[in-house]
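So that we are looking at the same thing, I have put the structure below in structure tokens.
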Amino acid sequence: MVDMRIKLGEKISLDNPLMTASGTFGYGNELSDVLDINNYGGIVTKSLSIEPRIGNPPPRIVETHCGMINSIGLANIGVETFLEEKAGFLSDYKGQLIVNIAGRTDDEYFAALKRLTQVDWIQGFEINVSCPNVKEGGIEFGKDPKVLGQLVKELRQLTDKFLMIKLSPNVTDIGIMAEKCQECGADAVAMINTLYGAAIDIYSRKPLINSVIGGLSGPAIKPVAIASVIKASKVIDIPIIGMGGISCGQDVVEFLLAGASAVELGTVHFFNPHAVIEILEFLKKYCDENNISAISDLVGKIDY
Amino acid sequence: MKKYLSSKIISNQQLSKSFFQMDINCPEIVKISEPGQFVNIYFSGDKKIFPRPFSIAGAKNGILKIVYKVVGSQTLQMSRWKSGHDLKILGPLGNKFSIKTGGTHVLIGGGVGIAPMLFLKDSLVTKNSKPYLLIGARNKDEMFLFEDYESELNLSTDDGSHGFRGNVVSYFQALVDSMEKPLHVYCCGPDKMLEVLAAYCKKMKFDLQVSIEKVMACGMGLCQGCATKTKTESGEIKYSLVCKDGPVYNAGDVFFNG
Ligand SMILES: Cc1cc2nc3c(=O)[nH]c(=O)nc-3n(C[C@H](O)[C@H](O)[C@H](O)COP(=O)(O)OP(=O)(O)OC[C@H]3O[C@@H](n4cnc5c(N)ncnc54)[C@H](O)[C@@H]3O)c2cc1C
Ligand SMILES: Cc1cc2nc3c(=O)[nH]c(=O)nc-3n(C[C@H](O)[C@H](O)[C@H](O)COP(=O)(O)O)c2cc1C
Ligand code: FES
């Protein structure tokens, strides 16, 4: 039997390294018809803001080679509705529930975190400082190490629960951002959010999504994500949660070797609703065949 | 409750130049399908990553039917699948037509928009209603006939190469006097056609439900990618997810360019 458990520092233990990526899994209940969501070691919710947001006008998505561009604009039901409507379903979930928080201003982040940290069925937070699809906030907080550091410090004051910062690849050096998060008290970093992406219809000459430039995700971005994890793992000791383009078990092993302690599955949910089951099977088989007794033994074991 | 299954193709038949009908063996989905709903078909190992949504065109005896037009790479790939091929399918997805009681049911399909109308027709026929089925196509090559219709079948082509000459909305207008009122109209087709029909039904005070299309990534409410602008009853504007809240809407609630 392979030990699939992963510890993310002292505060959180996962039954397996697979989590869901924010915005690709609804609020958790949508996929529960087709699989047992307890297959995931952790669930990360859609980004929530203190007030509901209707999001960007259509078209919001376009398919590109081995990927997609989205510009959802953080459409979400808001913190209070989330707590009212999803409590029943999510409090039955056996894994670790992480709520992703987005804000336009510092105060919006603080207000959401203060409210949510009181809720006992929420085990931790992922802070989205890296959304390319909103005019204010979003990536603005994730681009400048000073601004980022200040935000993380203040958030740290507001919760003792697991606090992880989700970083953008749209910066010169993601390692500097990761270091800043560690220095300012974050428990972990998650990477990567989507890359800038755009596409144009050559006949109408119109951009194919509303915001012109959106966020690229899917298999196309995996090498960028792996490189980001390698860079970050060289400069920080806190756990890294890796994501970006994972579509199969082999990809997950690659992320672990690069230095990720756990991973999040994103766009793959759209083209393979059973991905989590297939990946778990692969990981067990891979470990068995390669005499690996605990999946955590793979973390950071890239052989330079 | 939707299901994600590996199912066998029973037959995949060419209906006309670019139209195909695929019969899929999936009793689990058939049992719970309602007219207006759709399924996602999945593809593997491709540059294109999204599954593709198709209206359920029939669901009986354990067999799910879709009618599709070859318009690009994935539908081309589908047209090459042989009987016996295993495909991954998710469904049923989306909401359904709400079937009104009394009056006359008029089902209008433009182009491949005929697909959901065939299932709706089946369901009305079992309820002892005799609906009108109006089918519009650009020309004869785009028109196909079904042997098993049990309703008033009315065909039109834009160029007059088959049936009534003109688009299916003007055909409906030509027939409307002979139809017993009140009318319940259901339609699926290109946005332009829906828009013209919606304006006409509004003027005539016919109740109209439309099935609309948007590019979908997940098909089940995970990504919020398929949002379209809608009006709520109180007149408020909101974004609705076509894959979950739709694809069927009251015509008055949608913006055909939204
Ligand atoms: C609810 C719904 C029901 C549908 N029912 C039918 C049906 O019964 N029969 C039928 O022939 N077609 C139906 N369609 C349209 C069908 O999904 C597209 O024709 C198909 O996706 C084209 O794929 P392709 O790779 O062959 O073409 P592509 O070249 O990739 O695309 C051609 C066009 O198809 C549409 N399309 C492409 N990808 C998607 C996607 N992921 N989701 C939605 N639309 C897309 C776009 O308008 C695009 O411009 C339906 C669409 C929706 C949303
Ligand atoms: C449709 C869509 C919506 C997303 N919404 C969010 C979001 O609300 N908050 C967030 O932090 N990341 C969001 N993301 C980013 C993903 O969580 C993930 O970081 C990114 O897609 C890369 O992983 P992937 O290639 O496996 O999808 C979204 C991605 C997609 C495709
Ligand atoms: S296609 Fe993903 S929410 Fe509708």
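Quick check on this structure: which one of B:TYR200, B:TYR239 is of a type in the set (Ser, Thr, Tyr), away from chain A (no Cβ under 14 Å) and more than 18 Å from the chain's Cα centre (by Cα)?
After applying the criteria, what remains is B:TYR200.
Quick one: in segment A:1-30, which of the residues that are hydrophobic (A, V, I, L, M, F, W, C), crowded, with 24+ Cβ neighbours inside 10 Å and assigned to a loop (DSSP other than H, G, I, E, B) is farthest from ligand 2 (Cβ to nearest atom)?
Filtering first and then ranking leaves A:PHE25.
Could you list all residues from segment B:43-67 that are open to solvent by 10 Å² or more (accessible area, probe 1.4 Å), more than 16 Å from ligand 3 (Cβ to nearest atom) and under 21 Å from the mean Cα position of the chain (by Cα)?
B:ALA59, B:LYS60, B:ASN61, B:GLY62, B:ILE63, B:LYS65
Additional query: Looking at (1) more than 26 Å from B:ARG52 (Cβ to Cβ); (2) open to solvent by 10 Å² or more (accessible area, probe 1.4 Å); (3) β-branched (Val, Ile, Thr), which one does A:ILE277 not meet, given that it meets all the others?
(1)
Give the number of residues within segment B:203-221 that are open to solvent by 30 Å² or more (accessible area, probe 1.4 Å) and under 14 Å from the mean Cα position of the chain (by Cα).
2
From A:LYS86, A:LYS46, A:LYS114, grab the single residue that is basic (Lys, Arg), touching a helix residue (DSSP H, G or I) at 6+ places or on another chain (Cβ under 7 Å) and free of Cβ contacts under 8 Å to residues at least 60 places away in the same chain.
One residue alone meets the criteria, A:LYS114.
Now for a separate question. Quick check: anything in segment A:56-75 of a type in the set (D, E, K, R), under 16 Å from the mean Cα position of the chain (by Cα) and within 11 Å of ligand 2 (Cβ to nearest atom)?
The answer is no, given that none of the residues of segment A:56-75 is of a type in the set (D, E, K, R), under 16 Å from the mean Cα position of the chain (by Cα) and within 11 Å of ligand 2 (Cβ to nearest atom).
For B:GLU213, indicate whether it is closer than 22 Å to B:ILE66 by Cα, part of a loop (DSSP other than H, G, I, E, B) and not small (Gly, Ala, Ser).
yes
Looking at segment B:170-184, I want the residues that are under 14 Å from B:LEU208 (Cα atoms) and have a partner that is aromatic (Phe, Trp, Tyr) with Cβ atoms under 6 Å, at least 6 apart or on another chain. Which pairs are those?
Hits for this filter: B:LEU183/B:PHE206.
Consider A:ASN290 carefully, then state whether it is of a type outside the set (Phe, Trp, Tyr) and within 14 Å of another protein chain (Cβ to nearest Cβ).
No.
Which one of the conditions (1) open to solvent by less than 80 Å² (accessible area, probe 1.4 Å); (2) modelled with pLDDT of 85 or more does B:ASP177 fail to meet, given that it meets all the rest?
Of (1) open to solvent by less than 80 Å² (accessible area, probe 1.4 Å); (2) modelled with pLDDT of 85 or more, only one is false for B:ASP177: (1).
Next up: Applying the selection to segment A:44-60, what residues are aliphatic (A, V, I, L, M) and surrounded by fewer than 24 Cβ atoms within 10 Å (Cβ to Cβ)?
The answer is A:ILE50, A:ILE54.
Still on this structure, I have one more. Among the residues of segment B:44-62, which ones are assigned to a loop (DSSP other than H, G, I, E, B), farther than 14 Å from B:ILE9 by Cα and without any contact (Cβ under 8 Å) to a residue 60 or more places away in the chain?
Listed by number, the residues that qualify are B:SER44, B:GLY45, B:ASP46, B:LYS47, B:LYS48, B:ILE49, B:ASN61.
Name the pairs: first residue in segment B:63-86 and within 14 Å of another protein chain (Cβ to nearest Cβ), second residue away from ligand 2 (no atom under 16 Å from the Cβ) and not in a strand (DSSP E or B), Cβ to Cβ under 7 Å, at least 6 apart or on different chains?
That search, which allows pairs on different chains as well, returns B:GLN74/B:PHE43.
Can you give me the number of residues within segment A:51-82 that are facing chain B (nearest Cβ under 10 Å) and in a loop (DSSP other than H, G, I, E, B)?
14
Of everything in segment B:1-42, what is open to solvent by 70 Å² or more (accessible area, probe 1.4 Å), within 14 Å of chain A (Cβ to nearest Cβ) and either of a type in the set (A, V, I, L, M, F, W, C) or within 17 Å of the chain's Cα centre (by Cα) (or both)? Give them in sequence order.
The one that is open to solvent by 70 Å² or more (accessible area, probe 1.4 Å), within 14 Å of chain A (Cβ to nearest Cβ) and either of a type in the set (A, V, I, L, M, F, W, C) or within 17 Å of the chain's Cα centre (by Cα) (or both): B:MET1.
Which one of A:LEU216, A:LEU208 is open to solvent by 50 Å² or more (accessible area, probe 1.4 Å) and within 14 Å of another protein chain (Cβ to nearest Cβ)?
A:LEU208
Now for a different question. A:THR105 - would you say it is away from chain B (no Cβ under 14 Å), under 26 Å from A:LEU151 (Cβ atoms) and polar (S, T, N, Q)?
yes
Condition test on B:GLY225, is it within 12 Å of ligand 1 (Cβ to nearest atom), among the small types (Gly, Ala, Ser), within 10 Å of chain A (Cβ to nearest Cβ) and touching a Lys or Arg at 6+ places or on another chain (Cβ under 7 Å)?
yes
Continuing with this model, one more query. Please count how many residues of segment B:68-117 are of a type in the set (A, V, I, L, M), open to solvent by 10 Å² or more (accessible area, probe 1.4 Å) and either assigned to a loop (DSSP other than H, G, I, E, B) or within 24 Å of B:SER170 (Cα to Cα) (or both).
Number satisfying all stated conditions: 4.
Right, here's the next one. From the list A:PRO132, A:PRO145, pick out the single residue that is modelled with pLDDT under 95, more than 12 Å from ligand 2 (Cβ to nearest atom) and open to solvent by 10 Å² or more (accessible area, probe 1.4 Å).
One residue alone meets the criteria, A:PRO145.
Any residue in segment B:235-258 that's assigned to a loop (DSSP other than H, G, I, E, B): show its pairings with residues that are among the hydroxyl-bearing types (Ser, Thr, Tyr) at Cβ separation under 7 Å, as long as the two are six or more apart or on different chains.
Qualifying pairs under 7 Å: B:VAL242/B:THR228; B:GLY246/B:SER240; B:PRO247/B:SER211; B:GLY258/B:THR228.
Residue by residue, here is whether (1) more than 26 Å from B:GLN21 (Cβ to Cβ); (2) touching a strand residue (DSSP E or B) at 6+ places or on another chain (Cβ under 6 Å); (3) assigned to a strand (DSSP E or B); (4) within 16 Å of ligand 2 (Cβ to nearest atom) holds:
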| site | (1), (2), (3), (4) |
| --- | --- |
| B:ASP141 | no, no, no, no |
| B:PHE144 | no, yes, no, no |
| B:GLN173 | yes, no, no, no |
| B:LYS181 | yes, no, no, no |
| B:VAL185 | no, yes, yes, no |
| B:MET193 | no, yes, no, no |
| B:ALA199 | yes, no, no, no |
| B:GLY219 | no, yes, no, yes |
| B:GLY225 | yes, yes, no, yes |
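The values are calculated or read from the model by the stated rules, or taken from the named source; none is laboratory data. Computed from a prediction, not measured in an experiment: that's the story for all the values here. As a convention, Cβ positions derive from the backbone with ideal geometry for all residues, glycine included, and neighbour counts pool all protein chains shown. For the accessible areas, the whole protein counts, side chains as well, though only heavy atoms, and no ligand, DNA or RNA atoms are used. Shrake-Rupley method; radii C 1.70, N 1.55, O 1.52, S 1.80 Å.
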